[in-house]
Amino acid sequence: GSLVRTFTPFYFLVEPMDVLSIRGASVIMNCSAYCETSPKIEWKKDGTFLNLVSDDRRQLLPDGSLLINSVVHSKHNKPDEGYYQCVVTVESLGTIVSRTAKLTVAGK
């Protein structure tokens, strides 16, 4: 019996797009991936994984998108502005990383 490895489809359905927001608005960075098993979805901002567990303003939506509640933006504090990537991992298959989407917060 030879082992035949079948190709398992695993790809992005939706990747995040650049977003222009205003302070205090809510933003959704879209991300959705297709796979037969449920993938693990994480988000990176400026190359660093976001810890969404202890984050009261950012949350992972069921489809994998990132919701940022009330964007924070001031002259010296711009925690939400930056470059976001959606990282999807399926244990037996590997990891795919989305395109980079820029979140820009409009000034006054």
Go through Ala25, Ser54, His76 and say which Cα lies farthest out towards the positive end of the charge dipole of the chain; charges sit on Cβ, +1 for Lys and Arg, -1 for Asp and Glu.
-> His76
Sorted on mean Cβ neighbours within 10 Å (highest first), peptides 92-103, 62-73 come out as 62-73, 92-103
First check a/c for the chain, with a ≥ b ≥ c the square roots of the eigenvalues of its C-alpha gyration tensor; if it is under 1.5, answer rounded, and if not, answer prolate when a/b is larger than b/c or oblate otherwise.
-> prolate
List nothing, just return the count: lysine pairs in the chain, 8 or more apart or interchain, with Cα separation under 15 Å.
-> 6
Quick calc, Leu13 & His76: beta-carbon distance into FRET formula, R0 35 Å, rounding 0.05, result 0.40
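Each reported figure results from applying straightforward, stated rules to the coordinates on display, with no laboratory input. Values in this document were obtained by computation on a predicted structure and should not be read as measured data. Heads up, the Cβs are rebuilt from the backbone with ideal geometry, glycines too, and the neighbour counts pull from every protein chain shown.
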